[in-house]
Amino acid sequence: MQTSFTHFVPVHTQTTEIDQSQNPFKSAVVIKEKKTQQLYELIDGAKNIEDLTSLMHMSGDEVVEMLQSLLAQGYINLRDEQGNPVEI
């Protein structure tokens with residue numbers, strides 16, 4: 001795992017937040033894999049990838065794989081330490 005990559009901060013996309021605000025009883029995000037759902041729930045826009053890896057007690061490669069899945073599904077975006085969007 002690249003060292004510079006670990007400092008990126010995952011954030012939930014606005015689409016999922018809007019969906020949730022329109023119906024608070026409906027989960028806007030359906031993630032079938034339990035570990036990936038746990039990771040998604042830990043994403044708060046403040047923790048970087050290194051923090052999330054530590055909290056998940058998993059390897060960096062495993063966490064990055066789950067983050068890539070969430071990115072591909074449009075559930076999250078990545079930001080750098082200054083809050084600027086990051087494209088990978």
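No value in this document is a laboratory result; all are computed from the given coordinates. Computed from a predicted structure; not experimentally measured. Please note: Cβ atoms are built from the backbone with ideal geometry, for glycine as well, and neighbour counts cover all protein chains shown.
Kindly write out, for segment 35-41 in residue order, the coupling ³J(HN,Hα) from the Karplus curve 6.51 cos²θ - 1.76 cosθ + 1.60 (θ = phi - 60°), rounded to whole Hz, with x marking Gly and Pro.
5, 5, 5, 4, 4, 4, 5
Using the per-residue mean of other Cβ atoms lying within 10 Å as a proxy for protection, in what order, highest first, do the peptides 46-52, 64-70 fall? Walk me through the numbers before you get to the answer.
Values: 46-52: 16.1, 64-70: 18.1.
Top to bottom by mean Cβ count within 10 Å: 64-70, 46-52.
Could you sort the peptides 5-11, 78-84, 56-62 by per-residue average Cβ neighbour count (10 Å cutoff), highest mean leading? Display every interim value, and only then the final one.
Values: 5-11: 18.3, 78-84: 11.6, 56-62: 13.1.
In descending order of packing, they fall as 5-11, 56-62, 78-84.
Please give the length that would be gained between residue 41 and residue 87 if that part of the chain were fully extended, namely 0.36 nm times their separation in residues minus their C-alpha to C-alpha distance (nm, one decimal).
Details: separation 46, 0.36 × 46 = 16.56 nm, distance 2.19 nm.
Difference between extended and current length: 14.4 nm.
Using a Förster distance of 41 Å, how high is the FRET efficiency between residue 32 and residue 80, based on the Cβ-Cβ distance and rounded to 0.05?
Numbers: r = 30 Å, r/R0 = 0.73.
Calculated value: 0.85.
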